[in-house]
Amino acid sequence: MGKWCVAIALIFSLIFGLGQGDSWADPLTDGPVVEWLTFAVPEADQAKFIEKELEIWNPIDRRSPAFVRKEIWQDAENPDQLTVVVSWSSQKLRKVVSPEDVQAAEAAFDAAMGKTYPILIKKEFRNLSQSSDWNLTAFGTGA
């Protein structure tokens with residue numbers, strides 16, 4: 001009878017996630033992450049959008065010790081779309097900026113632009129490679 005109780009307890013813990021504290025957490029949940037935000041921005045507004053993005057959002061982003069870099073890309077097939085790609089070293093540390101500060105930056109950006117630009121696509125990507133020194137010869141691109 002005792003073996004059955006242990007087996008049933010084990011099955012319940014696996015099904016319902018009992019005992020899954022931080023020690024059981026997926027190590028990828030706090031790894032590097034890339035934030036991908038695609039906005040509808042007419043080409044005529046893009047220079048100002050980029051200027052204000054860097055002026056208003058960079059100081060906010062840099063408050064997080066996880067901030068690595070930001071890039072702003074224009075879609076070659078849809079030139080009225082800009083994608084802001086932000087790299088973070090840690091998902092947990094990325095969230096140190098308060099929601100109030102984020103809302104204040106959003107309001108300041110919209111005020112500076114004179115309008116709100118809709119986010120068309122919002123995604124996050126996790127780095128599964130965990131390698132900073134790829135062997136490019138394995139891909140046929142190295143010497």
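Readers should treat all values here as calculations from the given coordinates under stated rules, not as data from a laboratory. Predicted model, so just to flag it, every value in this text is computed and none were measured. Virtual Cβ from ideal backbone geometry, glycine too; neighbours counted across all protein chains shown.
Measure off 7 Å from each Cα along the Cα-to-Cβ vector at Ala47 and Val85, then give the distance between these two points in nanometres to one decimal.
With each label placed 7 Å out from Cα toward Cβ, I get 2.5 nm.
Once both labels are modelled 7 Å past Cα along the beta-carbon direction, what's the Lys70-Ser98 spacing in nm?
2.0
Taking 0.36 nm per residue of separation and subtracting the Cα-Cα distance, what length does fully extending Arg126 through Glu55 add? Please list the in-between numbers first.
Working: separation 71, 0.36 × 71 = 25.56 nm, distance 2.68 nm.
Stretched out fully, the Arg126 to Glu55 stretch lengthens by 22.9 nm.
I want to check the label-to-label distance for Tyr117 and Trp36. Put each point 7 Å from Cα in the C-beta direction and report it in nm to one decimal.
It works out to 1.8 nm between the two label points.
Could you name the lysines in cross-link range of Lys52, using Cα to Cα under 17 Å and dropping any fewer than eight places away on the same chain?
Lys70, Lys115
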